[in-house]
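The values are calculated or read from the model by the stated rules, or taken from the named source; none is laboratory data. Note that this is a predicted model, so its numbers are computed, not measured. Here the Cβ positions follow ideal geometry from the backbone for every residue, glycine too, while neighbour counts run over all protein chains shown. Calculation scope for accessible area: heavy atoms of the full protein, side chains included, ligands and nucleic acids excluded. Shrake-Rupley method; radii C 1.70, N 1.55, O 1.52, S 1.80 Å.
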Amino acid sequence: MNTPDTSTPFAAQSLSKSYGAHTALRDVSLALPAGRVIGLLGRNGAGKSTLLNIASGFTLPSSGDALTFGTPVARLDTPQLTRLGVVQQEARLLEWMTVRQHLDFNASFYPGWDRSLESRLLESLEVDPKRKIVQLSPGERQKVGILLGVCHHPALLLLDEPMSALDPIIRARLLDALLERLRDDGCTVVISSHILNDVEKIVDWIVALDAGQLVENSPFDTLQESFAEWTVTSLNGALPARFPEPFVLHQQPGERLARLRVRTDDADAVARFAATHHAEVKARPLNLDEMFPLLTRQPKARA
Amino acid sequence: MNARLYLRLLRPGRTLAVLAMYGWLAWSWLHFLFGLPNNASRFLAFAVIVPAMLGGLLIGPIHEAMHRTFFPLLPGARLALRRWHGISLIVGGLALLALAIPLVPEHTPAALAGLIALSMALPMLNRRRRIGLWRPYPLVLMAAALLLTLAGYVPLAQLCHAAPWLVLAAGMSGALVCFRAGFSEPFVRDRWHDSHLYCMQSTLPFVGSDILVHAQARGRQLAAERSTAASRTWTVARVGASLREWVRVVHFARFGASSYLRTAFGLGIIGLCLVPVFAGTTYLLALASSPNDRVTPAQFCAQLLSNATTGQLNSSDLVELIFVMPAVMACMTTAIFAQRSIVPAYAFPISRERLAAVLFFEAHRTVGTLLVIFLAGWLVCYLIAALVAGQPFHLGLMARATASTLPVLPIASLTLALFLRVRRLLWRVPLFVGLVIGIPTLQVFFVKTCIDRAFTPLPLAIYTTVTALAIWLCWRAFRSHYQTCDAMQPAINLHALGIA
């Protein structure tokens, strides 16, 4: 990575991170596109939080390069940090402060802190600014973490399980707020969450990790076009016990009816498959929830 | 970051309150307990110890912020806090220098400035990622610092006399090194990993505050994430029906990898710190009450030893406080610690009857440990007193202290029963105060009047009967409570009682 590109919010080259004997990230190379909402997917322990921690400079790579706004993460300073927003699953704040005091404290470090956005978010997320942090429930603390992460209009917003403790109404409001930020600021949002139904509503790019390795880095539209569930009904005789096509990722075979989950970019694949197996094939696109197990169990990276 | 926000972070009122409290303790220990001449104790207190405390108090809130996950993301926060800390060090240092110059006239301002600068800067080198929650640690550190300072006092004073400018230059250089290192990026970077750090200003009044309760809950959570070889093999089937095993499970849930011995050691530090603190405080009060009739430490210790066996004193009745205060403190501490152990950290797969038995046992084990620790504290106190007074030590000296401390057991049992039985908070406060302050005070004075008969069969029989009755009442309260309680309810704390 010889030519730092300041327009790329985050880029990594051969990035690895180990904690003792445990390798959290293994040889990850990627560049996050600017102005997108990126869904960072992976199973527990896949390395999502580690990647976000490295991008925000919390953790340094064991090997390889990691650049945020073109600057090595070990050297992030005021120019980069003012453009960076991070919302953590479990924000650790100064418990003795009130919400208002904490907002004032954080705001003092950002020249572009938006008081009107702060007021709007306080209202829509239903946060009482007079309450002490120590008296807040985990969900309320998460809301304060969101406020602290977004009110300075970051160009790169990293959200690590930001909705895990929020109720559905607040989650919907948070998603609206994120879309508003995207519309108004054109910021890049990276959201790591297991609540895929919510993520699906806003993401337009998917990065997937599995066991510390990058297994997907593509536009969401492309994924939606290539992943599908085929319902295969035999027109003549029994269906094979197992379909050999390499694009079939998961199958529930049956004598007359089979359900297959496939990934193919070939537009004629359905017709060809139907002709090969003398069957009728009905295709429907997969949602992110259905795509997730297929994305995170692929043998090699497709980036 | 402006001055208003920095001062909000620092909380000057609390800072000064803590400084005054520990500063006064440090000076009184030096002068009265260690018997240093007045000029020497003032020199050590105002040129070394109080500046080090102030330095620690000034850096504490900054370290606390650095140990939070939001801190590394704040642009320029490290440098802004470095600037404000530098300003506060200069202001605080000058204030201490202005105080020290008239109080320590035998040393030059240059030497004092060097010592003050270095002492204030040293706490910045605190690399601890984790601070124990028990308040006695500052006392222990203070005691260790005092001993080291006392050992090095003479050469230090001689150096200050001989080469004041050298002391100034060395102190300032050392302070600068500490300042640069304390705010360097590598020093700050990894602090966010452990958010379990709370400065003194946050945890005031040290017992039962919201932050302390939160910190303890967080500490339990962190402890529970650690495991021991024994806990890794625990299963419900393995634990079986043994009460002893279940007590270990409950203890593990509360303290994680910490063994009971380690917990007891922590409690022991509390006990061993409290008794000398009260002894020193009482001596000060005795001195203050009779300014024209100055009592030397040796005379005071001789009176203490005489009082220990006969209950009679030749001087001020204020010395009676030396028996009352530890007894009250012992009851209060045991009541507080024991009532914390009656709330389970988790719901366990055992019957409510068994849960009651486990927690009853755990609570009384805590009380018993504290009782032993307080007696050990008294033993240490009398050993020191015998040494200072130049008299031989014998176990008979422990009679009054033992008789004053033993009632902790029935009082703690009754307090626990009270916490479980009395639902209305309004009633709990006066009952709690009456139990942990009123009864120990009364029994201390009662013991005084009959110390020569305290360990005869009749008083011992009465004590045994009362204790057995209190424990039985406590067990009934436990059993009844755990039949109906919400096993996940948070601990009752002093805040809930409206005290803190």
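For the range B:50-118, how big is the tail of P(r) above 16 Å, as a whole percent of Cα pairs?
Values: 1248 of 2346 pairs.
Summing the P(r) of the range B:50-118 above 16 Å gives 53 percent of all pairs.
Taking chain A as a Gaussian network of alpha-carbon nodes connected by springs under 10 Å, the highest mean-square fluctuation of the residues A:78, A:276, A:98 belongs to A:276.
Considering all C-alpha pairs of the range A:182-250, those separated by over 15 Å amount to 70%.
A Gaussian network model of chain A, with springs between Cα atoms under 10 Å, assigns the largest mean-square fluctuation among A:268, A:167, A:27 to A:268.
Computed over the range A:47-152, the P(r) curve from all C-alpha pair distances, binned at 5 Å from the origin, holds 2, 12, 21, 20, 18, 14, 9, 3, 1, 0 percent per bin. Candidate cross-link partners of residue A:17 among the aspartates and glutamates, defined by an alpha-carbon separation under 20 Å and a same-chain spacing of 8 or more, comprise A:27, A:65, A:160, A:210, A:216, B:190, B:194. Entry note, chain A: the mean residue ellipticity at 222 nm calculated from DSSP H runs of n ≥ 4, each adding -39500 (n - 2.57), is -9000 deg cm²/dmol after division by the residues and rounding to the nearest 500. The heavy atoms of residue A:22 offer some 100 square angstrom of accessible surface to a 1.4 angstrom probe.
The Cα atoms of the range A:111-163 give a gyration tensor whose axes a ≥ b ≥ c have a/c of 1.5 or more with a/b no greater than b/c, which makes the shape oblate.
The accessible-area ordering, largest first, of the residues B:19, B:112 stands as B:19, B:112, per a 1.4 angstrom probe. Between residue A:164 and residue B:125, the FRET efficiency from the beta-carbon distance, with R0 = 56 Å, is close to 0.90. Computed with every protein chain present, the accessible area of residue B:192 is close to 30 Å² [probe 1.4 Å]. D by Stokes-Einstein for chain A, Kirkwood Rh over Cα pairs, 25 °C, 0.890 mPa s: 117 µm²/s.
Accessible surface for residue A:19 stands near 100 Å², nearest 10, in the context of the full protein assembly shown (1.4 Å probe).
Determine the order of B:433, B:367, B:177 by accessible area, beginning with the largest, at a probe radius of 1.4 Å.
Details: B:433 65, B:367 0, B:177 100 Å².
Per-residue accessible area, sorted high to low, gives B:177, B:433, B:367.
I'd like to verify something in chain A: which complete DSSP H helices, judged by Cα projection on the helix axis, reach 15 Å or more and average at least -0.5 on the Kyte-Doolittle scale? Present the calculation step by step, with values, prior to reporting the outcome.
On the way: long enough: A:138-150 (18 Å, 0.18); A:168-185 (25 Å, -0.11).
The answer, listed by residue number, is A:138-150, A:168-185.
Could you sort the peptides A:7-14, B:455-462, A:182-189 by per-residue average Cβ neighbour count (10 Å cutoff), highest mean leading? Please list the in-between numbers first.
On the way: A:7-14: 19.5, B:455-462: 10.8, A:182-189: 16.9.
Those peptides, ordered most packed to least, come out A:7-14, A:182-189, B:455-462.
Our note on the geometry: Cα centres of the range A:173-244 and the range B:353-395, 64 Å apart.
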